Every structure is written in C-alpha cells, then in structure tokens.
Amino acid sequence: MERVKEYEKEYRTNNVKGAIKRFFEEYTDVDYWKEQFEYMLENGQDFCCDNLMANGEENKDWCYALHLDVDEKYVYICVIERA
C-alpha cells in the first residue's frame, strides 16, 4: 500500500477554525475533509481513521487518517490517504 496524498501544516495560532479554513484553502484537492475536521473540533477528537477500501473490503492498514492537534499556541492539521 502506498501513500496517495499526504498534507500537513502547523499554524502558530489559537484560532482553530481559522487554521482549518486556511488549510483547506491551500490544499483544495482534499477539501472534502473540511466538514470532518469541523466535526472533530466540535467533538474533541484529535484523530480519525478508517480501514475500509472503496470497494468495501477491509484493509489490514488504514486507508485514511486525519489528525487535528490543538495547543494553546499552535494547530497541527494532517490528512493522509492511501490506496
């Protein structure tokens, strides 16, 4: 399994919604994850992943992983997709 997309960015800010907006303005080809990051923020989640492939088969490794790390001085956002 190889990585298809991997984007990560750290923002020196405490405005998480603004950091999410800026991330998806820069990485428009993965902007379909924006709502998931907003959900993660609202529900206190810092990691989300899945191991089901598009055809419904279970994979031994995850197919995507989303990271949202929030500190008082920075926000780290990462999207990794694999196929």
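Every number here is computed from the coordinates shown, using simple stated rules; none is lab data. The structure displayed is predicted, hence computed values, not measured ones. Ideal geometry is used to build each Cβ from the backbone, glycine not excepted, and the neighbour counts take in all protein chains shown.
Summary table
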| read-out | value |
| --- | --- |
| Computed helical MRE - 222 nm, the chain, DSSP H runs ≥ 4 contributing -39500 (n - 2.57), nearest 500 | -7000 deg cm²/dmol |
| Where GluC sites (Glu not before Pro) fall in DSSP loop in segment 12-83, at most 14 other Cβ within 10 Å | GLU57, GLU72 |
| Extended-chain gain in nm, criterion 0.36 nm per residue less alpha-carbon gap, GLU81 and GLN36 | 14.8 nm |
| Inter-probe distance in nm under a simple model that places probes 7 Å from Cα toward Cβ, at GLU25 and TYR74 | 2.1 nm |
| Sites GLU10 and ASN59 - FRET efficiency at Förster radius 25 Å, r taken between beta-carbons, to 0.05 | 0.30 |
| Sites excluded, trypsin sites (Lys or Arg not before Pro) in DSSP loops with at most 13 other C-beta within 10 Å, longest stretch of the chain | 13-59 |
| Relative pair counts by distance (%), Cα atoms of the chain, 5 Å bins | 3, 15, 26, 24, 16, 10, 4, 2, 0 |
